[in-house]
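Following: one structure in structure tokens, then a few remarks.
The values are calculated or read from the model by the stated rules, or taken from the named source; none is laboratory data. Remember, predicted model here, so these are calculated numbers, not experimental data. Don't worry about glycine lacking a Cβ; one is built from the backbone with ideal geometry, like all the others, and counts go over all protein chains shown. Quick note on the areas: whole protein, heavy atoms, side chains included, nothing else; ligands and nucleic acids left out. Shrake-Rupley method; radii C 1.70, N 1.55, O 1.52, S 1.80 Å.
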Amino acid sequence: MEIAEDKTKVIPFGRFAEHNAKRIGNSKPATFDFLGFTHYCSKSKQGKFRVKRKSSRKKVQGKLRETKEWLKTNRNKSIHLIMDRFKRSLIGYYNYYCITDNTQTVNGFKEKIEELLYKWLNRRSQRKSFTWDKFRLFLKKFPLPTPIIKVNIYELRKEISYIL
């Protein structure tokens, strides 16, 4: 295996990255994407340094684009089939992306999915099928799963302390 020079760079990252970035003239320290997450420097509620992770913007936009295309081609299918597919898809998405510090991004993703559903289910006929109020009632009948943190990264350390 060889390292691809065009994809590899060393970035200042760690406890003092924010201070050093401000000294250089940047407002924020650099971030990097790895395994579908953007890793960035931040602070915990107690004010201590902490590496946080959120869903990579590129991955979220790609998934939304893919969802839009699927809805566009399958909007005439039965509501049960469409909603079942979205339940399964969201559960899979949550299982991977619902980690510590990422709930805001995952909730935003769910809201975007609801907006896409509203838009494309309204295009099933010549007249508008849903208002937002009717759509909320529809979502009560066919609820989408809500995101819950599946993995708390900072509690994992206790279980793998023998490695560290």
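Taking amide hydrogens as placed 1.01 Å from N in the peptide plane, the amide H of CYS98 sits under 5 Å from those of LYS150, each at least 5 positions away in sequence or on another chain.
With point charges of +1 on the Cβ of Lys and Arg and -1 on the Cβ of Asp and Glu, referenced to the Cα centre of the chain, which listed residue (ILE148, THR38, PHE138) lies farthest in the positive direction of the dipole? My answer, from the dipole projection, is PHE138.
Computed over protein heavy atoms with a 1.4 Å probe, the carbon and sulfur contribution to the accessible area of the range 40-164 reaches 50%.
Helix 132-141 and the longest principal axis of the Cα set of the chain meet at an angle near 90°. Taken along its principal axes, the alpha carbon cloud of the chain reaches lengths of 58, 37, 36 Å, longest axis first. Among the GluC sites (Glu not before Pro) found in the range 1-92, those both in a DSSP coil and sparsely packed, with 16 or fewer other Cβ atoms within 10 Å of their Cβ, are GLU2. A straight Cα-to-Cα reach below 28 Å connects LYS52 with the lysines LYS7, LYS9, LYS22, LYS28, LYS43, LYS63, LYS87, LYS110, LYS112, LYS150, LYS158, residues fewer than 8 places away in its own chain not being considered.
Shape class for the range 57-140, computed from the alpha carbon gyration tensor (a ≥ b ≥ c): prolate, with a/c not under 1.5 and a/b above b/c. Which angle from 0 to 90°, rounded to the nearest 10, does the C-alpha axis of helix 79-97 make with the longest principal axis of the chain? In the chain, helix 79-97 runs at an angle near 10 degrees to the longest axis.
Charged neighbours of ARG50, selected by a Cβ distance under 12 Å, balance to +4 (K, R count +1; D, E count -1). In the chain, the longest principal axis of the Cα atoms and the axis of helix 57-74 are about 10 degrees apart. Each Cα pair under 8 Å and six or more residues apart adds its sequence gap; the mean of these over the residue count of the chain is a relative contact order of 18 percent.
Accessible surface calculations at 1.4 Å, restricted to protein heavy atoms, place the range 1-159 at 73 Å² per residue. Model label sites at ILE24 and LYS87, defined 7 Å from Cα along the beta-carbon direction, differ in position by 4.9 nm. Between ASP33 and GLN126, the C-beta separation translates, for a Förster distance of 30 Å, into a calculated FRET efficiency of about 0.10.
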